[in-house]
1. Can you tell me which of 325, 260, 278 is within 30 Å of residue 248 (Cα to Cα), surrounded by 16 or more Cβ atoms within 10 Å (Cβ to Cβ) and not acidic (Asp, Glu)?
2. Report whether or not residue 188 is touching a residue at least 40 places away in the same chain (Cβ under 8 Å) and among the hydroxyl-bearing types (Ser, Thr, Tyr).
3. Consider residue 302 carefully, then state whether it is buried (at least 18 other Cβ atoms within 10 Å of the Cβ) and of a type outside the set (Phe, Trp, Tyr).
4. The conditions are (1) at pLDDT below 95; (2) hydroxyl-bearing (Ser, Thr, Tyr); (3) under 23 Å from residue 214 (Cβ atoms), and residue 140 fails exactly one of them. Which is it?
5. Within the range 290-310, can you find the residues that are in a strand (DSSP E or B) and either of a type in the set (Ser, Thr, Tyr) or more than 30 Å from residue 345 (Cβ to Cβ) (or both)?
6. Could you please find all residues in the range 198-218 being assigned to a loop (DSSP other than H, G, I, E, B), surrounded by 13 or more Cβ atoms within 10 Å (Cβ to Cβ) and out of contact with any Asp or Glu (no Cβ under 9 Å at 6 or more places or on another chain)?
7. Looking for whichever is without any contact (Cβ under 8 Å) to a residue 24 or more places away in the chain and within 20 Å of the chain's Cα centre (by Cα) here; the options are 263, 277, 283. Which one fits?
8. Quick one: which strands (runs of 3 or more DSSP E) lie wholly within the range 226-289 and hold at least 1 residues that are of a type in the set (Lys, Arg) and out of contact with any helix residue (DSSP H, G or I) (no Cβ under 8 Å at 6 or more places or on another chain)?
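The values are calculated or read from the model by the stated rules, or taken from the named source; none is laboratory data. On a predicted model such as this, the values are computed, not experimentally measured, just so you know. With ideal geometry, Cβ positions are generated from the backbone for all residues, glycine too; neighbour counts draw on all protein chains shown.
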Amino acid sequence: MKRKFVLIGTLAFTLLRSQAQVKDSTFKRNDIKKTDIELLYNHYVQDGNNSAVTGGIGTEKLVVYSPALKINHKSKRNTYSVIAGADIISSASTDNIDFIVSSASRRDARTYANIGFGRDVMKQRANLHLGTGLSIESDYFSIPVTFGGNYTTKSKMRTYFFDIQMYFDDLRWGRINEDLYKPTRLVYPAELRYKEWYNIYRRQSYNFKLGLQQIINKRNILGVYPELTYQKGLLATPFHRIYYTDGSVGVENFPDQRLKAILGLKLNSFVRKRIILKNRLDLYSDNFGVRGIAIENETAIKLTPLFVLTPSVRLSLQQGSKYFKPYLQHQPDEQFVTSDFDLSDIQTMQFGLSMRYISGKNINKSIVFNEMLFQYLYYYRSNQLNAHIISIVMKGSRLKKSKRRNNS
């Protein structure tokens, strides 16, 4: 439950590139150093009645406040990136998964920071980037390592991408609690702490992404994005309860390895001068028995040179895992079990609307206010879970010319 919002609330890194040269009789060129700054805020509200913390029943009420700051600095061929933020969580089930005596309104927090470095190569037709960072909360610590790149052909009609993402997680509790500043133990449900249910506490995830983007003609761009994810270690969530048919209680359990394959297809079409259709199809499958398909459309409508309105819709169908059964449906002799409805037979709908204001106006000689984005999303799942997501993004830039003298 505490992990669901992270993929929604956390925005992806983007390395931005820009370079300009000015020649005159005195100076060889002016290299423009550009620093892009983004302020982000996400507000996520969720409700439902199938909490995995309480065995597939019970409230899933959750509120997450997510401020973040992103900085990208471009100097010549190099790009330096920093992102830092927090997810402040208020959950009705926090009391069930924490060693600290708390109320239903008790708050938890996830804090994260990442740094990245990118470099243009091959006469700026290619870019390589790498990054690392950390993410921490009371019962979770993760170190990501990323490496990737892209290459655009000389004709500029085709671009290739690749990304390798690795995550090294420690699921023990005790890092940021009073008098405890090191991990001590896994968090089990309060009534099940009479024994150790797992003999491991680490998880590793390896994600391999490829991409090809092809300009078909003046109006259409096609993208193909295959992806492979491999996980090993403790893949279950220790504080997720399982209620068996005989009335006994246990904890969620999965195999210690998971393999997932995804194929994404994107088609961007310029329908008219002011309308762009962004269509996406995703197919995915894993060795837990999960199969799924999702279709998505975003329609960007340029109302004026400064305002862009973008309605969106996403629909998905999922076949559930062979390890999933609802509350009181698991047999006591089953080895791998879960009552987490994320892995059930579900259908989802997501509707959204965003308003983008593009300014580009100078606040002073070196600071530019680029744009502001407001977005609202509504998410609904066939087991009655629903969520509202509000995002606000403000972007600005600072430009600085670095003059180099001509020594000739």
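1. On the way: 260 fails: within 30 Å of residue 248 (Cα to Cα); 278 fails: within 30 Å of residue 248 (Cα to Cα).
Among 325, 260, 278, only 325 is within 30 Å of residue 248 (Cα to Cα), surrounded by 16 or more Cβ atoms within 10 Å (Cβ to Cβ) and not acidic (Asp, Glu).
2. Values: touching a residue at least 40 places away in the same chain (Cβ under 8 Å): yes; among the hydroxyl-bearing types (Ser, Thr, Tyr): yes.
Judged against the criteria, residue 188 is a match.
3. Working: buried (at least 18 other Cβ atoms within 10 Å of the Cβ): no; of a type outside the set (Phe, Trp, Tyr): yes.
So residue 302 fails the test.
4. Looking at each condition in turn, residue 140 falls short on (3).
5. Filtering the range 290-310 for residues in a strand (DSSP E or B) gives 291-302, 307-310.
The answer is 299, 300, 301, 302, 307, 308, 309, 310.
6. Pass one, the range 198-218, residues assigned to a loop (DSSP other than H, G, I, E, B): 198-201, 216-218.
Narrowing further to those that are surrounded by 13 or more Cβ atoms within 10 Å (Cβ to Cβ): 198, 201.
Answer for the range 198-218, where residues must be assigned to a loop (DSSP other than H, G, I, E, B), surrounded by 13 or more Cβ atoms within 10 Å (Cβ to Cβ) and out of contact with any Asp or Glu (no Cβ under 9 Å at 6 or more places or on another chain): just 198.
7. Values: 263 fails: without any contact (Cβ under 8 Å) to a residue 24 or more places away in the chain; 277 fails: within 20 Å of the chain's Cα centre (by Cα).
Being without any contact (Cβ under 8 Å) to a residue 24 or more places away in the chain and within 20 Å of the chain's Cα centre (by Cα) holds for just one of 263, 277, 283, which is 283.
8. Numbers: elements: 241-243, 249-251, 257-272, 275-286.
Of the strands (runs of 3 or more DSSP E) lying wholly inside the range 226-289, those with at least 1 residues that are of a type in the set (Lys, Arg) and out of contact with any helix residue (DSSP H, G or I) (no Cβ under 8 Å at 6 or more places or on another chain) span 257-272, 275-286.
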